[in-house]
1. Filter the GluC sites (Glu not before Pro) in the range 19-61 to those in DSSP coil with at most 15 other Cβ atoms within 10 Å of their Cβ, and list the result.
2. Cβ under 12 Å from K120's Cβ, K120 left aside: what net charge do those residues give with Lys, Arg +1 and Asp, Glu -1?
3. Quick one: of K39/K120; K9/K109; K38/K89, which pairs are farther than 22 Å apart, Cα to Cα?
4. Within a Cβ distance under 15 Å of D8, other residues only, what is the Lys/Arg minus Asp/Glu net charge?
5. Loop-only chymotrypsin sites (Phe, Trp or Tyr not before Pro) in the range 1-60, please: DSSP not H, G, I, E or B, and at most 15 other Cβ atoms within 10 Å.
6. Multiply the residue separation of L113 and K32 by 0.36 nm, subtract the distance between their alpha-carbon atoms, and state the gained length in nm to one decimal.
Amino acid sequence: FSFEIIVDKSVNRELIRIPSMLIQPYVENAVKHGLLHKKYNRKVTVTFEVLNERLIVIINDNGIGRKRSQELNAIRDRKHQPFAMDANKKRLEILKNNFKDISFEIIDKYSPLDEPLGTKVIISLPIHIASQN
């Protein structure tokens, strides 16, 4: 697979810090669940940009999509427990309790013919939170 990390010029790399292990599980899931079962043209892109005093992190893959991945995982391993995603959800909830202005969205991408085109995760953090580490 190929990957790309895009850091917009609006992001001050010296000042902005992201809470540790916030992005990694989503990138890992994009590779492991989205791209693993795809045969060619596999790509994940991670984009960082500042918009309205918020750090926007976008993890975008062109994999098989969450629905198909869940179907394949159910066939392969009925006992599979999604630990990383559950742990990250709990971590986001803790951050939200302390800093209410964090948003998180998962978008399943589809073609006009309803074919899966991958998954996009959008994490939005206020700059003052992102700066606190």
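1. Values: sites: E28, E49, E53; in loops: E53.
Of the GluC sites (Glu not before Pro), the ones in loops of the range 19-61 whose Cβ has at most 15 other Cβ atoms within 10 Å are E53.
2. Values: positive: R66, K109; negative: D61, E105, D108.
Taking every other residue near K120 into account, the sum is -1.
3. Working: K39/K120 20 Å; K9/K109 27 Å; K38/K89 26 Å.
Result: K9/K109; K38/K89 exceed 22 Å.
4. Numbers: positive: K9, R13, R54; negative: E4, E14, E49, E53.
Here the charged neighbours net out to -1.
5. Numbers: sites: F1, F3, Y26, Y40, F48; in loops: F1, Y40.
Loop-located and lightly packed - Y40.
6. Working: separation 81, 0.36 × 81 = 29.16 nm, distance 2.51 nm.
Length difference between fully extended and current span is 26.7 nm.
Any read-out appearing in this document is the output of simple, stated calculations on the displayed coordinates, not a laboratory observation. Keep in mind the model is a prediction, meaning the values are calculated, not measured. A quick note on method: Cβ atoms are made from the backbone with ideal geometry, for glycine too, and the neighbour counts reach across all protein chains shown.
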